[in-house]
Amino acid sequence: MPVAPRPVQEAPPVVPVTEPTPEPAPASAPETSTPTAGAAGQSGAKPGADAMAPPVGANSAVNDLLGGLLPADAPPNVAPPAPGPGFPVGFLTVKGARILNLSIPAPRGQIVDRNGVPLAQNVVVHYLGLNFPFMDEASEEKRIAYARERLEKANAILGKTWTLTDKEILDHYRDRRWLPLVFANLPLPEDERKKVEAAAFPGLVLLPTYQRIYPQQQLAGHIVGYVGKRAPWPKGEVPDGEAMWPTAHGVQGLEKSFDKQLTGVDGRVQIIFNDRGERVEEKVIRHPVPGMNVVTTLDVEMQQLAEQLTEKHVRRGAFVLMEVQTGDILAMSSYPRYDPNEFVPMISAERFNALNNDPEKPMIGRAFQGVYPPASTFKVFSALGLLHAGTITEDSIYDCPNSFTIGDRIARNWNEENEGGMNVIGALARSCNTWFFAGSMVTEAPYITEMGVEFGFGRKTGIPIEEAAGLMPTDAWWQKQFGAKIGKGDLCNISIGQGSVGATPLQVAQAMTAVANRSALVPARLVLQVQDYMENIRDSYDVVPRELKVPARNIDIVQRGMFEVVNSDRGTGKNASHERIHVSGKTGTGQWNPAKSQNIAWFAGFAPSEYPVYAFAAVYEGEPGEKIGGGSKAAPIIGDFFEAYLTEPRLLALRELSDSIQVREPGSVSPTVDPSLQAIYHGAPSVDPLAELEQAKAAQAKRPPPFFRLFGGGKKQPPGR
């Protein structure tokens, strides 16, 4: 159903709107005309500087002109002249008479969150200019003097130093004397607008235009984006259809992706001037139609909390929260951030360069543009690959030593102590590198790498803003790059999310939605629908889940391990726990920028563990030389988020939503079973993976080719929940 955009709760005080904005007339509205009669002719006054230029704020025709799209108290962009004598005989052949056909720019559509809270909208701002009277009989010196008198008055009122050259003044009078000469390159702040209105100096005019604002300021700035610098006020002769004021178009984020939909249909007005330069009639030929509104999946309250916690916990990093069943992105925070209002109406070259050259890179949306090694979060998918290959079962025991020899190299576990034998659940809970090395040594590469592809690694999620694709190396990619298939040493590195593997936090969160629902990869969704200004839905963006070709029971086993990560005494992610709900996840700590000794910390997973509603991923960029871990740096972001967000009413709503999800199929493993740790970390003798290699090769000959069963042929696995 349509989502009605709501007014900003705390919009910047640009223009006080004292009454609702009337709805614009439809495009097929009949033509309307506004004849004007002249007091100058009736009074017998000679047309002169003061007689022909009304004071600021002396008119209220703009709502008629724009079809009611501006506040009723806003001055028009062209001040109406003093009343004149009307049409003379032979009007169209009289020298000096003019008919202008101008375009009325339509207001840009809004960008709102899922509840209608505006993230991008418009306000009315005012530019300062001067109106020329009819001065054809006056000398050039008098025209210049007239303009300079108004310019000096404006500078005196506002303490400015605006300037105009003689050529600019004379050229404007020659080519464009019917329209104001704008000399303020930026809109006036509200206090300055009031000063100009109070002065009411004849010939000075305020021109109202629409300007884009971002009422939530930095909130979701990387996602919403911004509009570019508007075109300068035109010069030269007035062509047919010239816009009444310059407009801007989207250059980043949703403003760019949906620029066509956000841009409305311009209206058209015809203004007729007599031979004395007096406006005698206005005819609105077509009313402007506002642009469409873009309704995102974001929840402003969740987004605010996500950004606050990201700022609290990281110097650089990101946090993504998604809805498991729909793929909706509820919050997507990147830090550091920027305020898109800095770009409106224009940003200085100095400030733009400062943002672009900032070593903290605030312009990058790390959540969807930052590519990082997924580190141990990828062990979730490596475990699924090992289970699917048959290399391991839930009960297979491998040792977890502090080091592992691969060829002539020694790879080490994060724990300097030997942890003994453990199964896959324990290996996930303890995030044991050497355990996964052992499994990788007896497994063909495609079982692990193609499992990553199955869960969306190495390709864009498809959100409608510029995102990174990351990289999931496969045998084919490796052959193309290096002339050989993936070797065992490289596969060991890949199995723990290192080496060539790269992913965005959004990709990791999306993969976790598939682990959470056990049946399908639901593409991430950022936009729900596009509505017209009457709240009619014009486009909706439904996602098409892709069924996982992975046995649900294998996912159950992995979910058990992720539950242990947070909820067992030996788990590495206890800082993400919550007293009222179970959270499941996977920590990750990896080498990110070895040249600077910089590491990366992750925590990714889902909640509630029983029937998940939310999936998430958080990343922390370490400083050079900083010792970090996913459990100490990233997991607290998740723990603090649920602690702050899940008030009692929200907790009850979450439980109802979680309970409404279909129960698991009979015989599946409950993710919250908390078995004795002896069953996971028992002292069974270690298995020598190299001794098993020959057995694995023999068994391989009896199985279909790698991933034939997973991606084609064989018995189709029943879907999960």
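Nothing in this text is a laboratory measurement; each read-out follows from the coordinates by a stated rule. Just so we're clear, the structure is a prediction, and the values are computed from it rather than from any experiment. Glycine also receives a Cβ, built like all others from the backbone with ideal geometry; neighbour counts cover every protein chain displayed.
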Total charge of the residues flanking Tyr372 in space, meaning their Cβ is under 12 Å from its Cβ, with Lys and Arg +1 and Asp and Glu -1, is +1
Here are some pairs, Lys361/Lys627; Lys160/Lys195; Lys153/Lys195; Lys195/Lys235; Lys596/Lys627; which of them have Cα atoms lying more than 18 Å apart in this structure?
Lys361/Lys627; Lys195/Lys235
Summed residue charge, Cβ within 11 Å of Ile465's Cβ, Lys/Arg positive, Asp/Glu negative
-1
Indicate the gyration tensor shape class of the range 241-387 (rounded, prolate or oblate), computed on the Cα atoms with a ≥ b ≥ c the square roots of the eigenvalues: a/c under 1.5 is rounded; otherwise a/b larger than b/c is prolate and the rest oblate.
prolate
Cα extents of the range 133-215 along the three principal axes, largest first (Å)
48, 25, 20
If you line up the Cα atoms of the range 313-357 on their principal axes, what length do they span on each, largest first, in Å?
45, 26, 13
Which FRET efficiency value, to the nearest 0.05, is calculated for Glu547 and Asp659 with the Förster distance at 22 angstrom and r the Cβ-Cβ distance?
0.35
How much length is gained if the chain between Asn415 and Asn155 is pulled fully straight, taking 0.36 nm per residue apart and subtracting their Cα-Cα distance, in nm to one decimal?
86.5 nm
Quick check for you: which residues of the range 485-502 have the amide N under 16 Å from the point 7 Å beyond the Cα of Gln591 toward its beta carbon?
489-502
So the label point goes 7 Å from the Cα of Asp539 along Cα→C-beta, right? Which residues of the range 106-128 then have their backbone N under 16 Å from it?
109-112
Fewest to most neighbouring Cβ within 10 Å: what's the order for Val501, Val280?
Val280, Val501
Are there GluC sites (Glu not before Pro) in the range 446-532 that DSSP marks as loop and that have at most 16 other Cβ atoms within 10 Å, and which are they?
Glu466
Checking a compactness column here: for the range 300-711, what do you get for Rg(Cα) / (2.2 N^0.38 Å), N being the number of residues?
0.98
Gain on full stretching of the segment that runs from Asn356 to Glu301 - 0.36 nm per residue minus C-alpha separation:
16.9 nm
In the neighbourhood of Leu652 defined by beta carbon distances under 12 Å, the net charge of the other residues (Lys, Arg +1; Asp, Glu -1) is 0
Take the Cα of Glu643, step 7 Å along the line toward its Cβ, and report every residue of the range 288-315 whose backbone nitrogen sits under 16 Å from that point.
305-306, 308-314
Cα gyration tensor shape of the range 338-416, rounded if a/c is under 1.5, else prolate or oblate by comparing a/b with b/c
prolate
So which trypsin sites (Lys or Arg not before Pro) in the range 381-468 end up in coil per DSSP with only 15 or fewer other C-beta atoms within 10 Å?
Arg459
